[in-house]
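Visitor: Pasting a structure below so you can have a look.
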Amino acid sequence: MLNYPVYHFRPDSQKKIRHMFADMLNEFSHYDEYSEMILEGKLYDLLLTVKREHIADAFSDMELHHVSDSILDAICFIDANVGRSPGIEETAAYVGFSPSHFSRIFKENVGVTYSAYLTSAKLQRAMLLLVRTNQTLEEIAFACGFSDASYLCHVFKKHYHRSPAAFRREQKEY
């Protein structure tokens, strides 16, 4: 599930995080006997800041507590095969459940339906590819299990209130 994390920050938070990195780099470049302890503290501060200030996505930020091993296996299967957009029948068979039983226990364990989780996983992969590659929207749509670029754009806008192209431009500005 953690294979494709993408965190988003408001511009003021981005500035704060950049400043924290600059402080860490400065400390590292002037390394002395206390630097390791100072850098460790700065790293903890950075991690807490990232956790506190990122703009949450309801699905990607799920905290999975007390999840059965079968459901964790299913989540790994989904994430590993998101480009094929595996159906609930295929995923249920992978973990040895009937589709109806799997659907019920997936929702109980994860808190969202199978299709909502799959859509979230596909969108997270799309966000990663938008930020880290120069692939076209058509290529990204195919890699993320969407039927075409226009459907990717439709789903992306519905969830993030902006187009994939606008998201890519925003990320390149920072």
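Visitor: Which one of these does L128 not meet: (1) open to solvent by 70 Å² or more (accessible area, probe 1.4 Å); (2) of a type in the set (A, V, I, L, M, F, W, C); (3) touching a residue at least 60 places away in the same chain (Cβ under 8 Å)?
Guide: (1)
Visitor: Is the stretch 98-108 home to any residue that is touching a Pro at 6+ places or on another chain (Cβ under 9 Å), modelled with pLDDT of 95 or more and of a type in the set (G, A, S)? Please lay out each step first, then the result.
Guide: Initially, the stretch 98-108 is screened for residues touching a Pro at 6+ places or on another chain (Cβ under 9 Å), giving none.
Within the stretch 98-108, none of the residues are touching a Pro at 6+ places or on another chain (Cβ under 9 Å), modelled with pLDDT of 95 or more and of a type in the set (G, A, S).
Visitor: Go through the stretch 142-161 and count every residue that is open to solvent by less than 70 Å² (accessible area, probe 1.4 Å) and not β-branched (V, I, T).
Guide: Of all residues in the stretch 142-161, those open to solvent by less than 70 Å² (accessible area, probe 1.4 Å) come to 143-146, 148-149, 152-153, 155-156, 160.
Remaining after also requiring not β-branched (V, I, T): 143-146, 148-149, 152-153, 156, 160.
So the count comes out to 10.
Residues are listed down the side, and each one gets a yes or a no for (1) under 15 Å from L123 (Cα atoms); (2) open to solvent by 40 Å² or more (accessible area, probe 1.4 Å); (3) modelled with pLDDT of 90 or more; (4) in a loop (DSSP other than H, G, I, E, B):
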{"position": "D57", "(1), (2), (3), (4)": "yes, no, no, yes"}
{"position": "E63", "(1), (2), (3), (4)": "no, yes, no, yes"}
{"position": "H66", "(1), (2), (3), (4)": "no, yes, no, yes"}
{"position": "A74", "(1), (2), (3), (4)": "no, no, yes, no"}
{"position": "I78", "(1), (2), (3), (4)": "yes, no, yes, no"}
{"position": "G83", "(1), (2), (3), (4)": "yes, no, yes, no"}
{"position": "P86", "(1), (2), (3), (4)": "yes, no, yes, yes"}
{"position": "E89", "(1), (2), (3), (4)": "no, yes, yes, no"}
{"position": "Y94", "(1), (2), (3), (4)": "no, yes, yes, no"}
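Visitor: Regarding Q171, is this residue under 29 Å from K15 (Cα atoms), surrounded by fewer than 17 Cβ atoms within 10 Å (Cβ to Cβ) and touching a residue at least 40 places away in the same chain (Cβ under 8 Å)?
Guide: Yes: the conditions hold for Q171.
Visitor: Could you check the stretch 106-124 and list, in sequence order, the residues that are over 17 Å from G87 (Cβ atoms) and either open to solvent by 20 Å² or more (accessible area, probe 1.4 Å) or not in a helix (DSSP H, G or I) (or both)?
Guide: Of everything in the stretch 106-124, those that are over 17 Å from G87 (Cβ atoms) and either open to solvent by 20 Å² or more (accessible area, probe 1.4 Å) or not in a helix (DSSP H, G or I) (or both) turn out to be E108, N109, G111.
Visitor: Criterion first (open to solvent by less than 70 Å² (accessible area, probe 1.4 Å), at pLDDT below 95 and over 21 Å from Q14 (Cβ atoms)) does A166 satisfy it?
Guide: Numbers: open to solvent by less than 70 Å² (accessible area, probe 1.4 Å): yes; at pLDDT below 95: yes; over 21 Å from Q14 (Cβ atoms): no.
Considered against the rule, which asks whether it is open to solvent by less than 70 Å² (accessible area, probe 1.4 Å), at pLDDT below 95 and over 21 Å from Q14 (Cβ atoms), A166 comes out as no.
The values are calculated or read from the model by the stated rules, or taken from the named source; none is laboratory data. Small disclaimer: the values here were computed from a predicted structure and weren't measured. When we count neighbours, we look across all protein chains shown, and the Cβ atoms used for this are built from the backbone with ideal geometry, even at glycine. Note: accessible area is taken over every heavy atom of the protein model, side chains too, but ligands, DNA and RNA are not part of it. Shrake-Rupley method; radii C 1.70, N 1.55, O 1.52, S 1.80 Å.
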